[in-house]
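The values are calculated or read from the model by the stated rules, or taken from the named source; none is laboratory data. Note that the structure is a prediction, hence the values are computed from the model and not measured. Note: ideal-geometry Cβ built from the backbone for every residue, glycine included; neighbour counts use all protein chains shown. Ligands, DNA and RNA are excluded from the accessible area calculation, which covers all protein heavy atoms including side chains. Shrake-Rupley method; radii C 1.70, N 1.55, O 1.52, S 1.80 Å.
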Amino acid sequence: MLDLAEVRLAHGCVTCTVREDLLPELLRRAATASLLIVDLWDSVEPRSVAEVIDCEEVRDLLRLTSVLTALDAGHMPIDITRGDRLVEMGRPAAAGDERHLAEVLARQIEYATGLVLHGGDAEDAELSRAVLDHLTPVTPVFDVDALPQVTGDALCTGILAERVDPATAQLPVDARTDEVTTVVWHRLRPLHPARLFEAVDELATVSVRSRGRFWLATRPERMLAWDAVAGVVSVEDAGPWLAALPHAAWDMLSPARRTAAALDWDEITGDRVQHLVFTGPDLDRERIHALLDACLLTPEEAVTGQSAWAEYDDPFALILDLKEIA
């Protein structure tokens, strides 16, 4: 028997609505329902909802088994390139929602355990699959006439988060198909903050989607996260590098975090690494590499050491220090 219930956004906050309205509704139905499906509206990101459902208080009654994102094959390859704000399109999740369509779509795609294509024609489906193969190559893609199994063992949202969080993200690799290219830039030398800041606009617009982790000469202890889509770029502090922590603290970190650090480990820099990934149509690999390589410290600057680096002008301080205070 199929039964439906609608839970409206009453608090101006998705997480508040899930905790106060949706979760009680799911618990009320759990005793008699063999399967509960939460259908989110199109501007909601699944991670916040999944993490509320996968909480200790209700784990004996509810288990999260699947996170699917349905994508219109006729629109997705275009929407991922659009820098429009949701409010400009009449699709905000709540009042004051300043997010952009493409950034929300990217997170919906990259967090999901499965993607389902519908709409469009055969050519649209082929292009959509090509784009998705680059954006999230480890996530299975299904058609509506061959939907995935959604029941089974419980998912751990901590592990789901590690798939997308900067320190542990499963980033795409270098690849090229007929219409889509992914370019990986991987270096050890630190970046000069002023030179990188001058290149931000070009780096944000040279591709449709870019993300990864990096380090600045002026902030050798801190991993920084790069996240850009459709020309909208975000740079955030993602916490300390393992090399900046006392060895005794490593046991407190997840196996995925320690494994990611081990894969990047260098005898001199530790796990500090420049690892950025760019995806878009017909990208110029040499241009992207040359642009980023020019932002690195020169060999002469690199040997002067951290005391000299600390004197560099750091335009990112206006962003990173403000976020830390907030």
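Keeping all protein chains in place, calculate the accessible area per residue for the range 175-268 (probe 1.4 angstrom), answer in Å².
Averaged over the residues of the range 175-268, the accessible area is 47 Å².
Only bridges with both residues in the chain count here: give the DSSP antiparallel percent, nearest 5.
75 percent
Using only the Cα atoms of the range 121-215, build the gyration tensor, take square roots of its eigenvalues as a ≥ b ≥ c, and label the shape rounded, prolate or oblate: rounded if a/c is under 1.5, else prolate if a/b is larger than b/c, else oblate.
Oblate, since a/c reaches 1.5 and b/c is not below a/b.
For the chain, what is the charge dipole size about the Cα centre, in debye to the nearest 20, if Lys and Arg each add +1 at the Cβ and Asp and Glu each add -1 at the Cβ?
580 debye
Counting Lys and Arg as +1 and Asp and Glu as -1, each charge on the Cβ, what is the dipole of the range 254-326 about the Cα centre in debye, to the nearest 20?
420 debye
With the dipole of the range 1-148 worked out from charges on the C-beta (+1 for Lys and Arg, -1 for Asp and Glu) around the Cα centre, which of ALA102, LEU132, LEU23 lies farthest toward the positive end?
After comparing all options, I get LEU23.
Roughly speaking, to the nearest percent, how much of the chain's 1.4 Å accessible area is carbon and sulfur?
54 percent
Using only the Cα atoms of the range 44-185, what semi-axes does the equivalent ellipsoid have when each is the square root of 5 times a gyration tensor eigenvalue? Give whole Å, largest first.
For the range 44-185, the semi-axes come out at 25, 20, 17 Å.
Taking the Cα centre of the range 161-221 as the origin, how large is its charge dipole in debye, to the nearest 20, when only Lys and Arg (+1) and Asp and Glu (-1) carry charge on their Cβ atoms?
I would put it at about 240 debye.
Which net charge results for the neighbourhood of ARG257, defined as the other residues with beta-carbon distances under 10 angstrom from its beta-carbon, given Lys and Arg at +1 and Asp and Glu at -1?
-2
Quick one, which of [x] 21.3, 72; [y] 19.7, 58; [z] 24.2, 88 is the actual Rg and Dmax of the Cα atoms in Å calculated for this model?
[x]
Suppose all protein chains stay in the model; what accessible area per residue would a 1.4 Å probe give for the range 63-137, in Å²?
So the range 63-137 comes to 43 Å² accessible per residue, rounded to a whole number.
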